[in-house]
């Protein structure tokens, strides 16, 4: 047996083992998209970040530290039904066009928030609000009470060090949730005035977003309590 044959055999075998272990990075943008969705549906956030462009990775990592945003992304990746119908690439940029059927997450969370508000349930803190809302959302998913929105979406990629990386979608709907998620983080930190402004920005885009309306109301309440406290002192 020649040395050349042994070398070729070992190279092929090693590649096969690495591929089985999921070590080999996808060659095509379509593969990167699939790997990202697979990782997010398993809540493997740090693996998902491997497929995001460096210029946006920091922003995405910060948003994933917000548990509310993480639930949102996991639901999207776990429930999305999509089919690639076109792809285009050159040396440093690529795009993948997909037919997508995605759950109307805004309506889903909005209905859950509305249910909580109507129930009159007393909650102790923001963490409990999020827990109750997520449980309500999961019940609706289990019962199949989900409204799906069908659309065509173009996902863009950039090449970094020879690998294709996802660029985040810059859509109006995402803009609403970016405002809400940042506002939610500031709300948890006690920055109620800044949070209030972000919830108002979200509502300027989507007037009937129940999540933004709910947290705007809570931010206003906290600011009112703070004002009363200052006056007493």
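The values are calculated or read from the model by the stated rules, or taken from the named source; none is laboratory data. Since the model is a prediction, treat every value here as computed from it, not as a measurement. For neighbour counting, all protein chains shown are included, and Cβ atoms are generated from backbone atoms with ideal geometry for every residue, glycine included.
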Checklist entry - Across the stretch 179-221, what is the number of residues that are assigned to a helix (DSSP H, G or I), farther than 20 Å from residue 110 by Cβ and at pLDDT 90 or above? => result 4
Item to check | Residue under evaluation residue 158, criteria (1) in a helix (DSSP H, G or I); (2) modelled with pLDDT of 85 or more, criterion not met | outcome: (1)
Next on the checklist: Quick check on the stretch 3-25. Is at least one of its residues in contact with a strand residue (DSSP E or B) (Cβ under 9 Å, 6 or more places away or on another chain) and at pLDDT 65 or above?
Outcome noted: yes
